[in-house]
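Just so you know, all these numbers are worked out from the coordinates, no wet-lab data involved. Just so it is clear, the model here is predicted, and its values are computed rather than measured. Note that we place each Cβ from the backbone using ideal geometry, even for glycine, and neighbour counts take in every protein chain shown.
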2 protein chains.
Amino acid sequence: MSHPHPELGPPPPLPAGALRIVALGGIGEIGRNMTVFEYEDRLLIVDCGVLFPETEQPGIDLILPDFEYIKDRMDDVEAVVLTHAHEDHIGAVPYLLRLRPDIPLVGSRLTLAFIESKLTEHRIQPVKHQVAENERHRFGPFECEFLAVNHSIPDALAVAIRTPAGLVLHTGDFKMDQLPMDGRLTDLGGFARLGAEGVDLLMSDSTNAEVPGFVTSEREIAPVIDDIFRTAEKRIIVACFASHVHRVQQVLDAAAKHGRKVALMGRSMVRNMGVARELGYLKVPAGLMVDSREIEDWPPEEAVLICTGSQGEPMAALSRMANRDHPIRVAEGDTVLLASSLVPGNETAVNKVINGLTRWGARVIHKGNARVHVSGHAPAGELLYVLNLTRPSNFMPVHGEWRHLRAHADLAVQSGVPRDHVVIAEDGVVVDLIDGRARIVGAVQAGYVYVDGLSVGGITDLALKDRRILGDEGFISIVVVVDSNTGKITGGPEIHARGSGIDGEAFDEVIPQLERALTEAAMDGVADVDQLRRVVRRTVGRWVNETYRRRPMIIPVVVEV
Amino acid sequence: MSHPHPELGPPPPLPAGALRIVALGGIGEIGRNMTVFEYEDRLLIVDCGVLFPETEQPGIDLILPDFEYIKDRMDDVEAVVLTHAHEDHIGAVPYLLRLRPDIPLVGSRLTLAFIESKLTEHRIQPVKHQVAENERHRFGPFECEFLAVNHSIPDALAVAIRTPAGLVLHTGDFKMDQLPMDGRLTDLGGFARLGAEGVDLLMSDSTNAEVPGFVTSEREIAPVIDDIFRTAEKRIIVACFASHVHRVQQVLDAAAKHGRKVALMGRSMVRNMGVARELGYLKVPAGLMVDSREIEDWPPEEAVLICTGSQGEPMAALSRMANRDHPIRVAEGDTVLLASSLVPGNETAVNKVINGLTRWGARVIHKGNARVHVSGHAPAGELLYVLNLTRPSNFMPVHGEWRHLRAHADLAVQSGVPRDHVVIAEDGVVVDLIDGRARIVGAVQAGYVYVDGLSVGGITDLALKDRRILGDEGFISIVVVVDSNTGKITGGPEIHARGSGIDGEAFDEVIPQLERALTEAAMDGVADVDQLRRVVRRTVGRWVNETYRRRPMIIPVVVEV
């Protein structure tokens, strides 16, 4: 197995007839999936998603792939293939299109409809190129064949990319539900056919590579939901992902059966389900839906709300209901159903929502106490099927953190891929497919690009480090006014502190020390503003550390008048 | 079921012959367990633990119970009963003893040894009162009977408290491993005997009330550990809780069997295992242990490290190994065993450690992929045994968040406790046991008390709110110097910002706006410092919002010279 080392340098020029593969996101993390394929100076991009921030990235809205590697080569891009319409695969498209608005977006009918309605909000009218399973489309030197895969959103595709360098199969996200609600199976026959032809490189979804066995069919959730509807006394509130058309369908069916009305809540939920309904992916019985405002006064025993917020997002309806900050007043007898996975990193927020709802008397049903969700990603048992059907010459696990990539690599070796033909890459690592062999040849820049408010990339890692210090310790700022002619101190020291837990009067202790230090500095002929700042910082820093054993950020401000 | 409402007022005076129960921690949360019993003006405290902070309490070291309710009544305290030596049951004792150093600490042999070695670090010499299972001891009006319970630390006790008001059984933390490593079973016979006598109130551990079934025996972990030792190629690194004597024993036994040497790492691990060894709770084969410095150069295939850090604590050895910031260089072939639970809230930190170690080539074995840990708390199946054996007249679930309390209350009702004899309380809620009936009668103060550095209680919720804002958005401070005689602005505006993602040059845009606003204010005759501050805040705040859609903290500083 080869894997990247810190000392990887820039890659060599790409030899003629070779295929270069660079993931700008999605390898070493779950999210912001984006892979760039290069052949004879032309580029094909597969997916362009966002990553959601963790507590280490405070205040950040979204994290994008770093476009630096391709930003001067936008005219070389033949197309962006979108495997499906989840945010971690399409979320960064609006930002990529700012660099070149007319890149063709390639995807299935539903995928293009979801991205288009999203782009409308960004006031972008994209160039679309609709494809479907079993179709072949050529984008420059890239001959793409699309295969149906089953996932937690309808109409997902895998893509086989043929160039003279060989055949690469990129699975996208997938699982292998054998009784899918829409009857659309992952195309194992197609995988087998490609395997017979010869897959030079398999790139396959690693998200659940650590999980043994097989997924439960989405169908098995329906009786559980039915049972919940049958026994619910009052209101039923269902929280799920805003793109999970099949889950919403199950809830609508149960509501119709049990004589309840349904309202949708949450902007993305309303938008996506509108699109899905219009295109026929979601079937809504006549007279079932009511307005979200109407539902507030509807008899609770006849009402169903479907909303976002299953990940504990603080501004979503569900969190606000848990905090009694929403027109819907959750009460004894209400049932709340979290019909979604628990995305790693959101555990604390979701726990808080469950406790809040329970405290008001609701029965909360979730993945932990009932079968109300199945994963959208193939676990180890299913991944082995794909490895065995495609029998790849080279294997590169994608879509996963290190633990998942490593587990998937081990599966590949067990299934017979030679150990030295397994490439564990990372974001930015350059893999060349030359003469049927995939190898790491270098690395390019692929850092985090932060979206915060209106700015993209304006927040640096240094600013985030400052935020972490400020968030843990607060700050103390000390203002001193100096006469620029005489060098004498004419005002201050005046101290302001926030979040340090040290308040106004406590500073009475350090001000004399500070005045003494400044007087001494003046006597020593210290007139330079930088030197004065150092004196202030040292004096206050030492006092805080000795008195409180804390390390707030210390901001000395010297104003010359 | 009765449960608290926000409008609960102060409790009425306690009637003669009645028992009052007030949890100052541990109900509505998992941690800082502390319950105060009052009878005829005398107090008995059961446990006095700490709660570990979450991301919502940035920069906080520990959270204590609020002693306000008892701080003026310290002389009424007969004793503090410590059910076992976990931090969430003993961690706040050093802080309580600051209020009165000679409160007798009541506990089993190991519990007192652990708390004593901890208090030595705080330079406190406690008054100890050692007890054991099957013993009765009287503390003022409180006749206490102790019963053996099995938990994830040796020598844990439940306590039955008899007063003329009735018999209260407090289980402490427990589970019901039927093949415990030390042969010490939870005393179900004793529980049955109390049940026959008549338990007026059962207070029982709710931590795992949502988990169906029964715990796996601690014994079943040994073969798994043995298997790991048998197949490990290089170094074995085991991370577990610093007080889990039986888990450490299993690792020592496996190391001895497989011819490896063991070193302990981490201050609390070394301290606790020293105590446990001295008292004979931990049996260390001769010649097995080596110094933690020696192990660095030991042949990896003969080395075992047992360390703290199983919860992803950033300063612990394990996190530092994952970040290559430790003399032990984890490498291909090493095995890391996380032999502990994953405490809610630590998921992200632990995931980061697992990914880091995997990236360096280690095989990481944890609860998620092997049976290397069993919980220390009784799940629903076992809780029903206790309810059925004790047949309490009243039931009050303790040690749990709302979701756990509620699940435990449901179990009690299912087992036959009348619904209106189940009391779901919260921290600070006052429950009186009068004439055999437990009822909520009011509430007292029981907020969070934060330890940060040397200060206890110095950090307020307001300071934490400031930290959260600073951590998410950073701050911008604007200094203006005003001549106190003329009211004219003589210096500034000078702007400093950290963590806002807006840097020096960007402010060139707002400074003219600011100067204009200040000039206008001067013309309008605004001389007051507060008014000038408002002008500055409004001008900069509006500019930041319109330009960046962000809300950093804005600190206007007006210095008069």
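Express the Stokes-Einstein translational diffusion coefficient of region B:469-520 in µm² s⁻¹, to the nearest whole number, given a Kirkwood radius over alpha-carbon pairs, 20 °C and a viscosity of 1.002 mPa s. D = 175 µm²/s. Rg and Dmax of region A:34-149, both derived from C-alpha coordinates alone, stand at 14.2, 44 Å.
Which FRET efficiency value, to the nearest 0.05, is calculated for A:Ile511 and B:Gln531 with the Förster distance at 25 angstrom and r the Cβ-Cβ distance? Don't skip to the answer; put the middle values down first.
Values: r = 26 Å, r/R0 = 1.03.
Step by step, r from the Cβ atoms, then E = 0.45.
Extension gain for the segment A:Asp483 to A:Glu520, taken as residue separation times 0.36 nm less the Cα-Cα distance, is 11.6 nm to one decimal. Distance between the modelled labels on A:Arg267 and B:Glu301, one decimal in nanometres: 6.1 nm (7 Å Cα→Cβ projection).
The mean of 1/r over all distinct Cα pairs in region A:143-231, once inverted, gives the Kirkwood hydrodynamic radius of 14.7 Å. Scaled against the 2.2 N^0.38 Å expected of a compact globular protein of N residues, the Cα radius of gyration of region A:421-465 reads 1.71. The mean number of partner chain beta-carbon atoms within 10 angstrom of a residue's beta-carbon across peptide A:402-409 is 4.
A straight line joining the Cα centroids of region B:398-421 and region A:415-430 runs 52 Å.
Quick one: order B:Lys118, B:Lys352 by neighbouring beta-carbon count within 10 Å, fewest to most.
B:Lys352, B:Lys118
Helix B:188-197 axis versus longest C-alpha principal axis of chain B: approximately 90°, rounded to the nearest ten.
In the protein assembly as shown, helical runs assigned H by DSSP with n ≥ 4 each contribute -39500 (n - 2.57); averaged across all residues and rounded to the nearest 500, the mean residue ellipticity at 222 nm is -8500 deg cm²/dmol. Applying the criteria of a DSSP loop state and at most 16 other Cβ atoms within 10 Å to the GluC sites (Glu not before Pro) of region B:282-364 yields B:Glu332. Simple spin-label estimate for A:Asn545 and B:Leu384 gives 5.9 nm between the two label positions (7 Å along the Cα-to-Cβ direction from each Cα). Using bins of 10 Å that start at zero, the share of Cα-Cα pairs per bin across region B:332-391 amounts to 19, 38, 20, 14, 7, 1, in whole %.
Percent antiparallel among DSSP beta bridges with both residues in chain A, to the nearest 5? Among the beta bridges of chain A, antiparallel pairing accounts for roughly 55 percent. Averaged over the residues of peptide B:365-376, the number of Cβ atoms from other protein chains lying within 10 Å of each residue's Cβ is 1. In angstrom, the C-alpha Rg and Dmax of region B:218-366 are 14.0, 41.
For the rotational copies A and B, the chain A residue with its Cβ nearest the relating axis, together with that separation in Å, is A:Gly471, 1. Could you state the angle between the C-alpha long axis of helix A:245-257 and the longest principal axis of the C-alpha atoms of chain A, as a value from 0 to 90 degrees rounded to the nearest 10? Value to nearest ten degrees: 70. Extent along the principal axes, Cα only, for region A:245-304: 31, 24, 18 Å, with the longest axis given first.
Per-residue mean of foreign Cβ neighbours for B:451-463 is 4 (Cβ atoms of other chains, 10 Å radius). Centre-to-centre, using Cα atoms only, region A:322-385 and region B:480-512 are separated by 48 Å.
Size descriptors for the protein assembly as shown (Cα atoms only): Rg and Dmax, in that order, 32.1, 95 Å. What separates the B:Arg542 label point from its copies, with the point 7 Å along Cα to Cβ, is 4.6 nm, written shortest first.
Overall size of region A:474-560 from C-alpha positions, given as principal axis extents largest first: 37, 20, 19 Å.
Angle of helix B:402-414 to the longest C-alpha principal axis of chain B, folded into 0 to 90 degrees and rounded to 10: 30°. Working from the Cα coordinates of chain B, the gyration tensor eigenvalues give, after taking √(5λ), semi-axes of 48, 36, 21 Å in decreasing order. Which residues in region B:460-490 have a backbone N closer than 16 Å to a point placed 7 Å from the Cα of A:Asp503 along the Cα-to-Cβ line? The answer is B:460-467, whose backbone nitrogens lie closer than 16 Å to the label point.
Mean projected area of the Cα convex hull of region B:82-149, taken over all directions, amounts to 4.6 nm².
Expressed as a whole number of Å, what is the distance separating the alpha-carbon centroids of region A:176-246 and region B:1-78? Here the answer is 48 Å between Cα centres.
Size of region A:350-462 from its Cα atoms: along the principal axes, largest to smallest, the extents are 64, 42, 18 Å.
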